[in-house]
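**Student:** First the structure, which I've put down as structure tokens, then a few questions once you've had a look.
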Amino acid sequence: MQEAGVTVLVVEDEPIIRFALVDALEEKGYRVLEASNVLEAVGVIGKNEQIAAVVTDIDMPGGLSGLDLVETLDKSQHHIAVIVTSGGHASESLDLPADARFFSKPYHFDDILFAVRSAIAAKAKLLKKRRGLRLVGAAAR
């Protein structure tokens, strides 16, 4: 998987964490977009169809959480890989999609970078398989 030109959205309300994660992703060649809350993230997603992955914190200001964003992505943006982070939640207590990745804070940026790369690759493989199944089904008609 080539990272250059692949777009990742980072949704994090803590500026220092967001800036550091953005820098780490950009150093690996990703094109990175930022949002500091869920409403801002939804707007960014609506304007950028090429987003391949979202890295989102759970607890954020504005009345909507990262879990609300994950639920929205799971229902309408099946092509976007999801990585969830939290300093106050345990993965066992969360109802995340099966292909979402979870990291407790503090996390290592290398772990997030690996998760982004592997999640994007897994999503691409799954979508390719689904397209192939639809083409086979259409040909059978």
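The values are calculated or read from the model by the stated rules, or taken from the named source; none is laboratory data. It should be emphasised that the depicted structure is a prediction, and the values quoted were computed from it without experimental measurement. Backbone-built Cβ (ideal geometry, glycine too); neighbour counts: all protein chains shown. Remember, those area values only see protein heavy atoms, side chains included, never the ligands or the DNA or RNA. Shrake-Rupley method; radii C 1.70, N 1.55, O 1.52, S 1.80 Å.
**Student:** Cβ contacts < 7 Å: first residue more than 21 Å from L67 (Cα to Cα), restricted to the range 17-45; second residue small (G, A, S) and part of a loop (DSSP other than H, G, I, E, B), any location; separation 6+ or different chain. Result?
**Tutor:** G29/A4; R31/G5
**Student:** Identify the single condition in (1) out of contact with any Asp or Glu (no Cβ under 7 Å at 6 or more places or on another chain); (2) surrounded by 20 or more Cβ atoms within 10 Å (Cβ to Cβ); (3) farther than 21 Å from V6 by Cβ that S104 does not satisfy, given that it satisfies every other one.
**Tutor:** Result: S104 passes all but (2).
**Student:** So is A124 closer than 20 Å to E3 by Cα, surrounded by 10 or more Cβ atoms within 10 Å (Cβ to Cβ) and at pLDDT 90 or above or not?
**Tutor:** In short, no.
Per-residue answers, yes or no, for (1) acidic (D, E); (2) closer than 25 Å to R130 by Cβ:
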| site | (1), (2) |
| --- | --- |
| G5 | no, yes |
| L21 | no, no |
| E27 | yes, no |
| D57 | yes, no |
| L64 | no, no |
| S86 | no, no |
| D110 | yes, no |
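**Student:** Still on this model: Just checking, does the range 49-66 include any residue being under 23 Å from A124 (Cα atoms), among the aliphatic types (A, V, I, L, M) and part of a helix (DSSP H, G or I)?
**Tutor:** no
**Student:** Still on this structure: Tell me, which residue of the range 9-28 that is open to solvent by less than 10 Å² (accessible area, probe 1.4 Å) and part of a helix (DSSP H, G or I) is nearest to I58 (Cα to Cα)?
**Tutor:** Filtering first and then ranking leaves L21.
**Student:** Being open to solvent by less than 30 Å² (accessible area, probe 1.4 Å) and modelled with pLDDT under 95 is the requirement here; does M1 meet it?
**Tutor:** Answer is no for this residue.
**Student:** So how many residues does the range 29-74 have that are open to solvent by 70 Å² or more (accessible area, probe 1.4 Å) and under 21 Å from S118 (Cα atoms)?
**Tutor:** Selection size over the range 29-74: 6.
**Student:** How many of the residues in the range 79-102 are more than 11 Å from the chain's Cα centre (by Cα) and more than 16 Å from D13 (Cβ to Cβ)?
**Tutor:** Adding up the residues that qualify gives 9.
Quick grid of which residues meet (1) at pLDDT below 95; (2) charged (D, E, K, R):
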| site | (1), (2) |
| --- | --- |
| L9 | no, no |
| A24 | no, no |
| L33 | no, no |
| S36 | no, no |
| G43 | no, no |
| I51 | no, no |
| D57 | no, yes |
| M60 | yes, no |
| D74 | yes, yes |
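**Student:** To continue, here is another question. Among the residues of the range 67-84, write down those that are farther than 20 Å from R130 by Cβ and part of a loop (DSSP other than H, G, I, E, B).
**Tutor:** Residues satisfying the conditions do not exist here.
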